[in-house]
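Contents: one structure, followed by commentary.
The values are calculated or read from the model by the stated rules, or taken from the named source; none is laboratory data. Keep in mind that what you see is a predicted model, and the values were worked out from it rather than measured. In this analysis, Cβ positions are derived from the backbone assuming ideal geometry, glycine residues included, and neighbour counts consider all displayed protein chains. What goes into the accessible areas is simple: the full protein's heavy atoms, side chains included, and nothing from ligands, DNA or RNA. Shrake-Rupley method; radii C 1.70, N 1.55, O 1.52, S 1.80 Å.
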Amino acid sequence: MRIDIITCVPSLLTSFFSHSILDRAYRKGYAEVVVHDLRDYSTHKHKQVDDYAFGGGAGMVLKIEPIAAVIRKLQSERSYDEIIYMTPDGARFDQPTANRLSLLKNIILLCGHYKGVDQRVRDLFITREISIGDYVLSGGEIPAAVVADSVIRLIPGVLNDETSALSDSFQDNLLAPPVYTRPAEFEGHKVPEILLSGHEAHIEAWRMEQSLLHTQKRRPDLLKDHNN
């Protein structure tokens, strides 16, 4: 998979993709993330990529010309399955969406900034709009990093334990059960005996029960979807 991220603040993303699982995915050849500086595509002498909104109002808007230039350049080099705009008014990002995106080959993530992008960008180029929550950030860089991380870790071979991603919270609309590691007892607090029994079927039954209880307590809204 290749993920191209378009941003006017590339330094916010550079270090994020050079560590841990994401770096390992790149070194193994499973995924590649390429960050593009929008200012490199500006024809303005000061590399300006924003302007005032027609009709007035506070805040600046990202211009269409540099965005169109970088998207068209990328499209001339390869085909893209999705061109995604990170925006607070997009569809809420969730695990099923991450699962679907992980099956794609090439995607573009466009990071909004200031008051967003010229509407014509959304009309002409964007195939999907995504939000990571009902709040506003300074730009789309953090949301783009969230989406890329959640998608790349699902690619077979990226995680050392390929079943790990399948047991994450939200994969079946349930929260993950409690997990424990050594020591088996700490200051009088013991690991549940069932986890030490070695009885795989009983352990799985316990984990499912705990997932249900955990979800019922913290996110009962998820149980509606789980039962459908």
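Among the residues making up the range 103-142, those that are among the polar types (S, T, N, Q) and over 24 Å from PRO156 (Cα atoms) are GLN119, THR127, SER131, SER138.
A quick yes/no check of all residues on (1) part of a loop (DSSP other than H, G, I, E, B); (2) more than 21 Å from LEU175 (Cβ to Cβ); (3) in contact (Cβ under 8 Å) with a residue 24 or more places away in the chain; (4) not polar (S, T, N, Q):
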site	(1), (2), (3), (4)
LEU195	no, no, no, yes
ALA201	no, yes, no, yes
GLU204	no, no, no, yes
ARG207	no, no, yes, yes
GLN210	no, no, yes, no
GLN216	no, no, no, no
LYS224	no, no, no, yes
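For the structure I just gave you, tell me whether VAL136 is under 30 Å from LYS63 (Cβ atoms) and at pLDDT 95 or above. Considered against the rule, which asks whether it is under 30 Å from LYS63 (Cβ atoms) and at pLDDT 95 or above, VAL136 comes out as no.
Consider the range 119-135 and keep the residues that are on the phi < 0 side of the Ramachandran plot and under 12 Å from the mean Cα position of the chain (by Cα). The one that is most open to solvent (accessible area, probe 1.4 Å) is ILE132.
If you check VAL9, VAL34, VAL61, VAL70 for being of a type in the set (A, V, I, L, M) and either within 30 Å of LEU175 (Cα to Cα) or in a helix (DSSP H, G or I) (or both), only one passes: VAL70. Quick one: which residue in GLY116, GLY140, GLY112 is surrounded by 15 or more Cβ atoms within 10 Å (Cβ to Cβ) and within 14 Å of the chain's Cα centre (by Cα)? Result: GLY140 is the single residue among GLY116, GLY140, GLY112 that is surrounded by 15 or more Cβ atoms within 10 Å (Cβ to Cβ) and within 14 Å of the chain's Cα centre (by Cα). In the range 75-98, the residue that is nearest to the chain's Cα centre (by Cα) out of those that are surrounded by fewer than 18 Cβ atoms within 10 Å (Cβ to Cβ), assigned to a helix (DSSP H, G or I) and modelled with pLDDT of 95 or more is THR97. For the range 15-54, the candidate set comprises residues that are of a type outside the set (D, E, K, R) and open to solvent by 90 Å² or more (accessible area, probe 1.4 Å); within that set, the residue that is nearest to SER102 (Cα to Cα) is TYR26. Taking each residue of the range 10-28 that is under 22 Å from GLY157 (Cα atoms) and looking for partners that are surrounded by fewer than 14 Cβ atoms within 10 Å (Cβ to Cβ) and not charged (D, E, K, R) with beta-carbon atoms closer than 8 Å, six or more apart or interchain, yields LYS28/GLY157.
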